1. For region 60-108 and region 223-263, what is the centre-to-centre distance using only Cα atoms, to the nearest Å?
2. So which DSSP H runs in the chain come out at 15 Å plus along the axis (Cα) with average Kyte-Doolittle of at least -1.0?
3. Simple spin-label model, 7 Å along Cα-to-Cβ: ILE545 to LYS106 in nm?
4. Compute the FRET efficiency between ASP430 and SER241 as 1/(1 + (r/R0)^6), taking r as their Cβ-Cβ distance and R0 = 56 Å, and round to the nearest 0.05.
5. With viscosity set to 0.890 mPa s at 25 °C, what whole-number translational diffusion coefficient in µm²/s follows for region 134-256 from Stokes-Einstein and a Kirkwood radius over Cα pairs?
6. Find the all-direction average of the projected area of the Cα convex hull for region 471-536, expressing the result in square nanometres with one decimal place.
7. Give the long-range amide H neighbours of SER492: residues separated by 5 or more places, or on another chain, with amide H under 5 Å away, using H modelled in the peptide plane at 1.01 Å from N.
8. With every protein chain present, what is the per residue accessible area of region 370-522 (1.4 Å probe, Å²)?
Amino acid sequence: MSERKRGRDADVTKARVPQFRMGAMAEGSRFYVTTPIFYVNDVPHIGHAYTEVAADVLARWHRQSGDDTWLLTGTDEHGQKILRTATANGATPQEWADRLVESAWKPLLSTINIANDDFIRTTEPRHENNVQRFLTTLYDKGFIYTGEYEGAYCVGCEEYKQAADLIAGTGDDEGQQVCAIHSKPVEILHEKNYFFRMSDFTQPLLDLYEANPDFIQPESARNEVVAFVRQGLEDLSISRSTFDWGIKLPWDDTHVVYVWFDALLNYITAIGYGDDQATFDRRWPALHIVGKDILRFHAVIWPAMLLAAGLPVPAGIFGHGWLLVGGEKMSKSKLTGIAPNEITDTFGSDAFRYYFTSAITFGQDGSFSWEDLSARYESELANGFGNLASRSLAMITRYFDGQVPTEGAVTPADAAIHDVVAAAVSQADDAISRVAVHEAVASVWTIVDALNGYITEQEPWALAKDPANADRLSTVLYTCAEGLRALAVLLSPVMPESTQKLWVALGAEAALGELTAQPVRSAGTWGQLPAGTQVGALEPLFPRIESAE
Ligand code: MSP
């Protein structure tokens, strides 16, 4: 970098460091969650879908808890990577982006049943205009200067790399330095650029991390970022002049904005920054769900940008792990990508959502395998949850003419189920507030396991043989029906389709109203499903799959 810090008003960098806690959001009434915006150079694979599902489960949980919820997703359309792909395919970058958004990225949302509130594209005027507005603010505040940069650039990451980020290439790339993430050679760029004085924010960021221990999660992600920032931050090149696919700098139209600087701003341009202050104030700050490969952009560059502009920092950043195939990050460029519909066509979107939120600890890497998916589908969904629902409803139909029976005297075994349900609700809600999605699903699943054990022990089919046991049979099947009521409510954020079928079959829609209107946080209050509710037929929620590979 040719030019370093110039003297400036030191007060500007002592920007406000608001106190946010990720966990605190669960008690509040507002929840804004984002996914990364996806590069449109290629079609989605299950790694992308994984991020979407996790954010959607969090959003649905909060929405169903009555919180003022907003889920944002979208696409990242500028930069050299998109330009090159478009050119290689004989299209303009805008044509290419339009094609990929309509044919691949928007359809992904219905494939995996994402209930997003908005979809932002970085080529929209609401974004482009307000990126320029943001840059003008930083420029006017003296946070931007001109300089020169020479460095190793990875187009896959759209990032200048440090020596520590590079490894020796093998095969065709023998003798070259390659990006550790993409295994592709880096390019040495030498450009005159505009720089953002990010180095000014080393201490403010360390203070922010210190004052808000939950700001970056999980712990491993936080430690990595803190160690990185402690080494001292360098100023950041924020413009490119050798190509023009991007947003022009307001004061120099021979430069376009660096694609990450442009992309990060989507989180505020989508909620009215620059145009609609009331909406911005209502939504911001957000919890950002990101893959660990893009953690530093979100936990370092992004809050530094916001501090420079005098805006509140995000509520939190959660860095999840990678889906691995053969021990490596799944990626299209390495030809290991699996399209989400390869899974949903066979197993359905609910199974997709359940599998990825339950089988992988959110925050750690997880290996995907078809065998594991099939095995869990069979044992947990078909035999565990699906069978619990179908046999309970079948017995209510057979022994009580399809009417939910009355709960009589409660024995310790029944009370134990009430307790499991109540505990599951509070544990799951606590897990959601910590962004521990897998833990929330596991907590709810204790109800499935407890009810299956309860049925085995209580043997309602044996009770039905002797009319003297009629009261007991009635209580046992009420317990099953009411347990299923709670399960439908609690699992609806994870498996919206099958829980809706169950809800209707239980007669709960007629008795209690729409499933998504049932508040999750009070789902543990026992006795909500009225006796006498008419149950209906239930097709298998998770049909057997004959030729699952
Ligand atoms: N465009 C940037 C993000 C800008 S956000 C302001 C980007 N896009 S991406 O399409 O490459 O990746 C989007 C997300 O998908 C990232 O969070 C990334 O970690 C995630 N994943 C891509 N491959 C993945 C796996 N194999 N496993 C899990 N998530 C992965 O980065």
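1. Using only Cα atoms to place each centre, the spacing works out to 21 Å.
2. Flagged H segments are 46-64, 219-230, 387-400, 412-433, 437-458, 470-491.
3. Calculated label separation equals 2.9 nm.
4. My answer for the efficiency is 0.65.
5. In µm²/s, the coefficient rounds to 148.
6. 4.1
7. none
8. Per residue, region 370-522 has an accessible area of 37 Å².
The values are calculated or read from the model by the stated rules, or taken from the named source; none is laboratory data. What you see is a predicted model; the values in this text were computed from it and never measured. As a convention, Cβ positions derive from the backbone with ideal geometry for all residues, glycine included, and neighbour counts pool all protein chains shown. Accessible surface is based on the protein model in full, side chains and every heavy atom, while ligands, DNA and RNA are left aside. Shrake-Rupley method; radii C 1.70, N 1.55, O 1.52, S 1.80 Å.
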